[in-house]
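Structure record follows, encoded as structure tokens.
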Amino acid sequence: MSGFEEVHVTAALAAELERQGWVATEARAREVAAAAARGTNLILEAPPEAWHALPLLAGMLSTAATPRRFLLLAPAPALDEWAESAASLAAASGIPLIVAAGPGRAARRIRETESWLLLTTPATALALTQRLSLKCAELTGLMLAWPEAMKAESEMEALMVDLPKDAPRGIVTSDPGRMAGLGERYARRALQVALPHPAPAPAEAATTIGAIGKIHIAVVPRRQRAEAVTAVLDVLDPANPAIWAPGRSTMALEVAGRAGIPLVTGEAAPEGTRPLVVALELPTPVRLAALTASADLVLLVPAHALSWARRVAPAATVLRLPGAIEAAMDEAAERRATIAARMEGGVGSEALLALAPLFERHEPAAVAAALYGLWLEPGKPAAQPTSQPASTAPTTGTARIWVSLGKKDGGTANDLVGCLTRECRVDRTQIGRIELRETFSLIEVPAADAEKIADRLTGISIRQRRVMARVDKGVATPDARPRRDGPRSPRRGSPRS
């Protein structure tokens, strides 16, 4: 029996924690997992990265309640990171993970599944409750991941109203000072697990550029960490590079193997003279201090964690990695090389004869720029014949959505516009003409988004009526009777001619 199993974490979840680099002998991880497994309310201080909260989530998922329905609320920029980290724990617990960036598809999956772990933002969770798809009174547990970054106080308060009093709550925060009031409201009498911090360094310990202990911060999305390691090595060209991760996870091994540099894990110290360590995950402040005691360090920080990195490493410098501008410059250089190679091979007389009159009337640079623009649009014809008539029926690119709300329901165009902008997150400029009929309405929207908007609109309550929506295919409705093209048959009892 592993250490995590001894604190009532299921065997499958304990094995997954260890696979992701957690060591059962670490007192803090055991304390968090044990308290969560017992159903104790928790406030955990941790760096703003999902890996640091996995023992808390594993403990909550180890409950034996049936059905198991957990709600995990996270900031929108961190949904992808949490989906990557929580998917394996959800699979080990035997319940599906539902990631909801919007309420449409998630509403159907919640209705079709008995047990689930729902990962979403407070705004989307509130929209699901308004559709009556998510019922907070039936939740087994709730976890708030860095609520200080969500700025959704009103949504969270609305969600907490129906949450069962005995449902365990876990709050993960990187700024416990700001969360004191939130903990009192949402996780009363919670066990608070603080993050150990190193002793303050003396003022004379400040380092200069290139000295041991220098910290760089590179803002990188999590999905681009592997590419970012290569970019760091190209920019800094260190003589003794290494990669640090909390454990020997699959991702860490793959990145280290791809870069061809050693992997340092856990509490191990990097070897060699003047090493440069690239941290794939955010280290705790104590581990950060230990790494910078013997090495330069590059922190790969997602955008939502930048403020925390600035707080724990105020002397860090921002390392700008090659991005979109550099990629565009490289592409432009390749095109210039292609043009130069063509000129060196000789330019045909036919091209010169065609362009000579243009050179007499326009600057040669302007002519070249126009030709360059045509070159970048190979599908665009060089010229339109003057005799070609203009199109009489341009494509509008719009479609109509049929909504089961009409005048007899008391609905108005303002109701529909408000629902589309607030609940479905549709830009007001994308909403076209609204036709309000007796029993239904027709709304013009961009054709490319029509299916998605109709899916989001279905199930929302307007004027205390749950509406249905679909893309209008021109099907006959009660308010639009089909026109008869043939002659009418004589009425019964009418004189015949």
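The values are calculated or read from the model by the stated rules, or taken from the named source; none is laboratory data. Small disclaimer: the values here were computed from a predicted structure and weren't measured. Note: ideal-geometry Cβ built from the backbone for every residue, glycine included; neighbour counts use all protein chains shown. Quick note on the areas: whole protein, heavy atoms, side chains included, nothing else; ligands and nucleic acids left out. Shrake-Rupley method; radii C 1.70, N 1.55, O 1.52, S 1.80 Å.
Observations on the structure shown:
- Hydrodynamic estimate: the Kirkwood radius of region 422-464 over Cα pairs, inserted into Stokes-Einstein at 4 °C and 1.567 mPa s, corresponds to D of 113 µm²/s.
- When Rg and the Kirkwood radius Rh are both evaluated on Cα atoms of region 96-137, their ratio Rg/Rh stands at 0.89.
- Rg to Rh, two decimals, where the chain supplies the alpha carbon set and Rh follows Kirkwood: 1.11
- The peptide list 409-416, 135-142, put in order of mean Cβ contacts within 10 Å with the highest first, becomes 135-142, 409-416.
- When the alpha carbon coordinates of region 1-83 are projected onto the principal axes, the ranges are 37, 29, 22 Å, largest first.
- Cα coordinate range in region 38-157, projected on the principal axes (Å, largest first): 34, 33, 25
- Accessible area expressed per residue, the chain, with surrounding protein chains retained (probe 1.4 Å, Å²): 55
- Averaging the Cα positions of each part gives two centres, and for region 279-353 and region 1-34 these lie 38 Å apart.
- Measuring how big region 57-127 is from its alpha-carbon positions, Rg and Dmax come out at 11.5, 32 Å.
- Per atom type, the chain shows carbon and sulfur on 53% of its accessible surface, probed at 1.4 Å.
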